[in-house]
Amino acid sequence: MSSNREQDPFERSRVKTFDKMFDKDLEYQWHLDLYKKLCGTDLGDATPGGGRNRRVVVRRWPRAPNGAVIRELPPGYTTPSSTHLWGERLLDFFSFSRGTDDRLNHVVSTSSRLSAWMKANGETEYAKDEMIWANTEEPPRVRPAADIMEIINAKDLLIMMGSCGVSLPRELADADEDTDADPKPAAYPFDYKNYPDPWPLVPFSSNTPTLESQIPFHLLPETLIVHDPFRLLHARTPRDKDVDWTSVDDVTHKYKLDLTVDSIKENIALERSKIEEITKNATPVTVGISFYRSDERDSGDSNPTSVPGNAYKITVPPPPPPPISVPEAHLFLSPAHTVGIGNHSRVYHAEWDLPRSVFSKPKICNTCLEEAARKIISDKADSTLDDNSPGPNNFFNGSLDFREARTPKITFAYTKFSFKYADLEKSREQIHEDHMHTLEDEKTTSYIEYSGSMDAIHITTVPWYDPASSSPPPCSHFAQSSVCGSLPESPPPTAQVSVVAKLSLRGDNHMKREAVNYQRFGMQFSQHWTGYTLATPLHDPTPMGAITPVFYGYYSKEDSSDSDQYFSPILLLEDCGTPIEPDKLDFDDRQECAALVLRLHFHRWTQGSFWPRNILMQLGDHADFPLMKSANDRRFRLIDFGRAKCLMDAQEADYSRNDNLYQKYWDDERFDEKSAIGRVLEFHYPT
Ligand SMILES: [Zn+2]
């Protein structure tokens, strides 16, 4: 196995550990053979084209010979969309024995759960390496999408340079014949005729970036102005795909955000009152601690470990308050950007124009803050030292100790495998010696320990920046550090992103139900997390990517009752790629797709429509900037939840009927869906 520089960024842990462990083909093969003997699955043949499945559980947690029987493991790390088994790295999954007889109860669990049981039951000495390893596991973290504001800024630069996008002819944009040479006041959002040149652009002329970040429910636009000159909102099959925006009159319709789930509405109100509260009682923000040491070299020691010094808490005024709501956004639809025509729906790529404030978070420059703090501290020091000649000790009221911490080397020992099968014993013997693998080298971390009192320094000279605005202009540090540097001119007050707009055929209720289901999923199913989860009956861990696309709102036409014409509601979703073709996926991919629906089941939902056309694949990781995305990174998502069902509803229905009928229906459906996995994904699926 060669280590590939273009490894999937998600799999950094795999590069760090798995490749290191099996850097020789011989050993890898040995493990595959071992796996086959234990699990009966031939991983060498599992993948079309002879490739191998690389996400396997290969470690075993050794048990003390007199250890107690493990009846139940304590809970370990989990995430809102994982199963009860989550591990940061593949090597955090272990098979283990509940009792001391190895042949009984081979079960798989994770570092965090196993080590917690061992600690609680005093079995910490036997699996020493594994305990140290478990200690190094990092808790789960959300993996956010690449900063969309940076992506938009980079795009704006290209547009300003004229290398991207086509300006809408001015007569179409209805420009005022304003010949004043005075600088124009900044345009209001959607006041398109006053946008700075070269905006506004012809819709779909600038290859808008795909929105992959979540927008909190309270910031979903309340009103959507839909630009639909090609009359797609009637959800009929479009006649012409060859369209020209500059040769048609724009037709707009007013749509309203239509959220129906009570808990979501309550959450929105709560979120808004929270922001109001925080804004009202805004207090200075602590941004860091600054140390100031004396230059003392009196001891003759050129590298003293302890010197007199001070520590200061650095505070700044609170950032400008975040938006509380988004009153308006615009959506552009074109038959030239059709995604799919289904039995119930029409799906289009749409351009979504939103106020920039939705995407931007205020930033403050740490380098400028550090410079400002240093200046204040050294002024203080100078005046103190001038006033009191005896020496610097009057100024310093603490001491700084420079220390180092070592984390030990972590090794992986093959010899810890203690299977009793006779034939296995033989092959183990052959490579018994010297197979200790270093998983992590010894590490030294330097840190400063401060003892003494701490003063606060409040800095008011460094401004907060709004990445969505060019005033105030960013400092040189920000200008250099952002993807595109600072923009030469002001961009317009809104920015376009690409989303998917789903329309429903007249008289069909699937999409309305789907919109409700997306609201009930909340944020949890569309979040990406670090690490892996194991969804039984699969034997192997799968990555903790999102299960569903991000939901960007459900919109209905305002005052549609007075018209005979049908206007479809609009479901806005993240664009997650194209349907999979199972025979082109490798074994790991198929298991990942299977895990999506199994994770949904674990969280008490069925999908109701598990077919390859409802599993999307996208190339490139959401956390990478567009230019950095790699076609090697395959990401999968389930779509189409018009038939999805929640166990909770079944339980409620049963409660009022006083029986178990609907729960049984739900469970039958879950079982059918589970049984269909192997057939749908065309692989030998464990049962
Ligand atoms: Zn700066």
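Numerical summary
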{"quantity": "Contacts under 7 angstrom Cβ, first residue in segment 657-681 being of a type in the set (Gly, Ala, Ser), partner open to solvent by 60 Å² or more (accessible area, probe 1.4 Å) and assigned to a helix (DSSP H, G or I), 6 or more apart", "calculated": "none"}
{"quantity": "Any hit, segment 545-558, residues being in contact with a strand residue (DSSP E or B) (Cβ under 8 Å, 6 or more places away or on another chain), open to solvent by 10 Å² or more (accessible area, probe 1.4 Å) and among the hydroxyl-bearing types (Ser, Thr, Tyr)", "calculated": "yes"}
{"quantity": "Output for segment 145-163, where each listed residue is out of contact with any Asp or Glu (no Cβ under 9 Å at 6 or more places or on another chain), under 18 Å from Arg356 (Cβ atoms) and part of a loop (DSSP other than H, G, I, E, B)", "calculated": "Asp147"}
{"quantity": "Subset of segment 593-614 [open to solvent by 20 Å² or more (accessible area, probe 1.4 Å) and under 22 Å from the mean Cα position of the chain (by Cα)]", "calculated": "Phe602, His603"}
{"quantity": "Some residue of segment 489-502 being over 24 Å from Glu351 (Cβ atoms) and open to solvent by 10 Å² or more (accessible area, probe 1.4 Å)", "calculated": "no"}
{"quantity": "Qualifying positions in segment 342-367 - within 16 Å of the ligand (Cβ to nearest atom) and surrounded by fewer than 18 Cβ atoms within 10 Å (Cβ to Cβ)", "calculated": "Pro362, Lys363, Asn366, Thr367"}
{"quantity": "Given (1) of a type in the set (Lys, Arg); (2) modelled with pLDDT of 85 or more; (3) surrounded by fewer than 16 Cβ atoms within 10 Å (Cβ to Cβ), index of the condition Arg63 fails", "calculated": "(3)"}
{"quantity": "Segment 627-654: number of residues that are surrounded by fewer than 15 Cβ atoms within 10 Å (Cβ to Cβ) and within 17 Å of the chain's Cα centre (by Cα)", "calculated": "2"}
{"quantity": "Search result, residues across segment 263-279 that are in contact (Cβ under 8 Å) with a residue 24 or more places away in the chain and among the acidic types (Asp, Glu)", "calculated": "Glu271, Glu276"}
{"quantity": "Condition check for Ala68: open to solvent by 40 Å² or more (accessible area, probe 1.4 Å), more than 30 Å from Asp624 (Cβ to Cβ) and of a type in the set (A, V, I, L, M)", "calculated": "yes"}
{"quantity": "Of residues in segment 310-322 being surrounded by 15 or more Cβ atoms within 10 Å (Cβ to Cβ) and within 25 Å of the chain's Cα centre (by Cα), the one farthest from Gln214 (Cα to Cα)", "calculated": "Pro319"}
{"quantity": "Those residues of segment 199-211 which are open to solvent by 30 Å² or more (accessible area, probe 1.4 Å) and not small (Gly, Ala, Ser), in sequence order", "calculated": "Phe204, Asn207, Thr210"}
{"quantity": "Breaking point among (1) out of contact with any His (no Cβ under 9 Å at 6 or more places or on another chain); (2) assigned to a loop (DSSP other than H, G, I, E, B), for Glu592", "calculated": "(2)"}
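The values are calculated or read from the model by the stated rules, or taken from the named source; none is laboratory data. Bear in mind the structure is a predicted one, so any value in this text is a computation, not a measurement. Using ideal geometry, Cβ is built from the backbone for each residue, glycine included, and neighbour counts are taken over all protein chains shown. In case anyone asks, the SASA skips ligands and DNA or RNA and just uses the protein heavy atoms, side chains included. Shrake-Rupley method; radii C 1.70, N 1.55, O 1.52, S 1.80 Å.
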